[in-house]
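Enquirer: Submitted below is the structure of interest, expressed as structure tokens.
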Amino acid sequence: MRSAMKVAVAVSFAVSTMALGQETGGTNKPVMVPTSEATPQAGHVYVPASNRELPGRAHTTYIIRSTDGNKPAGMKAPTGLSTPGSLVSTTEEAETPQSLGCLYVKSPNTSGCVPNYNAGSGGPTAAGYGAIALVDAYDNPDAASDLQTFDTNWGLPAATFVKVYANGNGDCTTPPPDPGWSLESSMDIEYAHVFAPKAAIVLVEACSNSWTDLLYAEQVAFNYIVSTYPQGGQVSNSWQGGEFSGQIADDALFADFNYNWADNYATPILAFASSGDGGYGVGYPSTNPWVISAGGTSILRNSSTLKYTSESCWGGSGGGPSTIETYTTTWSGGNIGPWADFQYPIFGQSSVRTTPDFSFDADPASGAYVYSLYGMGGWGVVGGTSLASPSLAGIVNRAGNKLGSVFLTAATGGGDWFSTWENNLLYAQLATATAYKANFYDVKTGSNGVSATSSWDYCTGVGTPRGLLGK
């Protein structure tokens, strides 16, 4: 029986303490040694009613951070807000398209990347190609107008937006509306658009949050890009459930070789997924080796100037070893193996798939402004690795390398193996003397139950992006 889905946004609870120690026994499980507690959650935060756990049903797991101390319905638009730090934290601030663009892609480039809450403060310059598809459950009746309001407020370019109902499996005609998932989808489309304004934004709505419906929606998303956007693009999945014994049979649903053989693999598509918000631990589809797993950080600022100082591991960031995706030399369509060996230099042939791959802001204390009318009645600050997945998809789209799981070379007569090209690129830079330091921020502080450390770690993967090279 497959476990219930859950949206991967922000949860707030302690996890067991452990640290990354010397590997033993040829496995990539961290040695248990005492360390500091997972990073505590800060600020006035509210868990919505949709977060209540019901038997056999999916639930959202995000936290909304209030900048004025009121519950979400009373939250104010960001235009003209005073600095929120005095109300929540002296070191973490609500982030905007302008401040996140400054930090992660150096556009717009300002001193200290200090958040500007005024209307029209902008975001990254126009870039991008093809399409970014965001797979979510249920209908967001205000998705198009939410995105328009978001763009208008910040002075961002208008988006090319399409909503697609994944109803071809007969489970519904129109997915029913759901406020909890509406907030999720509003955040997904808004922050994918922030980093890749020229990419079409495609919201693919599953009939429900069951595995059957969400995996069907994944196929709809890939096929829609193949049939409509020959340049390719990305598919982001800000949801997660527990691993299950049959998941390897579903792995190929997140790889483009499963869809575009008819056009000689000409449409490159990458899948992203949230690593989870419960601290150390994993879920699916994040552990799928074809997926780029998105972890989470906290953005820390100078308490006097509000200028950026550092990033730290966010205590809620998911990460760790899979219990299912083992190393094999026999082609299975999934698993770690010669076709997906980006972690082989770290863990060796006895390894299992381990997450995350790289990271983005996810701490609700340094969460980002989102507009969702049906989800929370307007503006709010939202965190979680659900923010990380679409944002990283947008950044990779912006970089324009157009990678997928297929690369054909003339020397082999076009008979190359499928491979995890994006993760290959990310991990290959770890050993470099200059490229890694230039292209990524190496997060070395904080804990999700396992302490962050130099190079790759169980909380932030290879780190967070700096600019577009190597993405």
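Enquirer: Please name which of Ser245, Trp314, Gly232 has its Cα lying farthest along the dipole of the stretch 228-330 towards the positive end, using unit charges on Cβ (Lys, Arg +1; Asp, Glu -1) and the Cα centre as origin.
Expert: Value computed over the given set: Trp314.
Enquirer: Please report, to two decimal places, log10 I(q)/I(0) for the stretch 351-471 at q = 0.19 Å⁻¹ as given by the Debye formula with identical point scatterers on the Cα atoms and no solvent.
Expert: Evaluating at q = 0.19 Å⁻¹ gives log10 I(q)/I(0) of -1.11.
Enquirer: Still on this structure, I have one more. Which whole-angstrom value gives the distance between the alpha carbon centres of the stretch 352-376 and the stretch 143-187?
Expert: Distance between centres, Cα-based: 17 Å.
Enquirer: Please list 3J(HN,Hα) in residue order for the stretch 328-335, calculated via the Karplus relation 6.51 cos²θ - 1.76 cosθ + 1.60 where θ = phi - 60°; whole Hz, with x for glycine and proline.
Expert: After applying 6.51 cos²θ - 1.76 cosθ + 1.60, I find 8, 9, 9, 4, 10, x, x, 6 Hz.
Enquirer: Hull surface divided by four, with the convex hull built on the Cα atoms of the stretch 86-228: how many nm²?
Expert: Average of the hull's projected areas for the stretch 86-228 equals 9.6 nm².
Enquirer: While we're on this one: Does the stretch 405-471 come out rounded, prolate or oblate, given a ≥ b ≥ c as the square roots of the eigenvalues of its C-alpha gyration tensor, rounded meaning a/c under 1.5 and, failing that, prolate meaning a/b above b/c?
Expert: Since a/c reaches 1.5 and a/b is larger than b/c, the shape of the stretch 405-471 is classed as prolate.
Enquirer: Kindly list the residues of the stretch 197-222 that lie in the label zone of Val162, defined by a backbone N under 19 Å from the point 7 Å along the Cα-to-C-beta vector.
Expert: 197-207, 216-222
Enquirer: Looking at Ser366, Gln349, Ser386, which one has the Cα that reaches farthest to the positive end of the dipole of the stretch 294-400 (charges on Cβ: Lys, Arg +1; Asp, Glu -1)?
Expert: Ser366
Enquirer: Would you pull out the residues with amide H under 5 Å of Ser236's amide H, same chain only if 5 or more places away, H placed 1.01 Å from N?
Expert: For Ser236, whose amide H was placed from the backbone, the distant partners under 5 Å are Ala133, Leu134, Val135, Phe272.
Enquirer: If you consider only alpha-carbon coordinates, what radius of gyration and Dmax does the stretch 193-261 have, in Å?
Expert: 13.0, 39
Enquirer: Just to verify a number: FRET efficiency for Ser304 and Lys437, C-beta to C-beta distance, R0 = 35 Å, to 0.05?
Expert: In this case the efficiency is close to 0.80.
Enquirer: Additional query: Where the convex hull is taken over the Cα atoms of the stretch 379-437, what is its projected area averaged over directions, in nm²?
Expert: 6.5
Enquirer: Under 18 Å from the 7 Å Cα→Cβ point of Ser245, by amide nitrogen: which residues of the stretch 272-298?
Expert: Correct set: 284.
Enquirer: Apply 1/(1 + (r/R0)^6) to the Cβ-Cβ distance of Asn109 and Thr152, taking R0 = 22 Å, and write down the FRET efficiency to the nearest 0.05.
Expert: For Asn109 and Thr152, the calculated efficiency is 0.40.
Enquirer: For Phe440, enumerate residues with amide H under 5 Å from its amide H, sequence gap 5+ or separate chain, H modeled in the peptide plane.
Expert: Here Arg466 satisfy the definition.
Enquirer: What does the C-alpha gyration tensor say about the overall shape of the stretch 218-345? Classify as rounded when a/c is under 1.5, otherwise prolate if a/b is larger than b/c, or oblate.
Expert: Oblate, because a/c is 1.5 or more while a/b does not exceed b/c.
Enquirer: Rounded to a whole number, what is D in µm²/s for the stretch 316-400 from Stokes-Einstein with the Kirkwood radius over alpha-carbon pairs (25 °C, 0.890 mPa s)?
Expert: For the chosen part, D equals 159 µm²/s.
Enquirer: When the Karplus curve 6.51 cos²θ - 1.76 cosθ + 1.60 is applied with θ = phi - 60°, which whole-Hz ³J(HN,Hα) does each residue of the stretch 141-149 get, with x for Gly and Pro?
Expert: Along the stretch 141-149, the couplings run x, 10, 4, 5, 6, 4, 5, 5, 4 Hz.
Enquirer: Now for a different question. Report the rotationally averaged projected area of the stretch 145-233 based on its alpha-carbon convex hull, in square nanometres.
Expert: 6.0
Enquirer: Here is a further query. Using a basic spin-label model with each label point 7 Å from the Cα along Cα→Cβ, how many nm lie between Asn118 and Ser145?
Expert: 2.9
Enquirer: Amide H neighbours of Asn118 under 5 Å, counting only residues 5+ apart in sequence or on other chains, H built in-plane at 1.01 Å?
Expert: Long-range HN contacts for Asn118: Gly80.
Enquirer: Related question: Please list 3J(HN,Hα) in residue order for the stretch 205-211, calculated via the Karplus relation 6.51 cos²θ - 1.76 cosθ + 1.60 where θ = phi - 60°; whole Hz, with x for glycine and proline.
Expert: 9, 6, 5, 7, 9, 6, 4
Read the figures in this text as sums done on the coordinates, not as results from a lab. Note that the structure is predicted; figures quoted are calculated from it, not measured. No Cβ is skipped: glycine too gets one built from the backbone with ideal geometry, and neighbour counts run over all protein chains shown.
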